[in-house]
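The values are calculated or read from the model by the stated rules, or taken from the named source; none is laboratory data. None of these values were measured; they are calculated from a predicted model. Cβ placement follows ideal geometry from the backbone for every residue including glycine, while neighbour counts extend to all protein chains displayed.
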Amino acid sequence: MKRNLFVPTLAVLFLAGIGMATEKKQSGGEAKLQLTQCAMKVSGMTCGGCARSAEARLAKIPGVKSAKVEFDSAEAKVEFDSK
């Protein structure tokens, strides 16, 4: 049951974290990206495999440039295009 709630919880936290972005920066190149970085707490992880799974799923979301989820600190750091 915990496994079934983990991914939706992570998605809600990610979407809520977009509004609480900590830093915005612009990237060079032809098409300028409006990259935003945010950090958020993640609950419900029981092992390092949960962190790797969450990281992989976050990376598949359109617009996400990078995602790092740490089990020890229960924190996710995501960089995404906010446009």
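For residues that are touching a strand residue (DSSP E or B) at 6+ places or on another chain (Cβ under 7 Å), modelled with pLDDT of 90 or more and either part of a loop (DSSP other than H, G, I, E, B) or exposed (fewer than 15 other Cβ atoms within 10 Å of the Cβ) (or both), tally how many sit in region 25-62.
3
So which residues in region 63-83 are loosely packed, with under 11 Cβ neighbours inside 10 Å and modelled with pLDDT under 90, if there are any at all?
Within region 63-83, 83 is the sole residue that qualifies.
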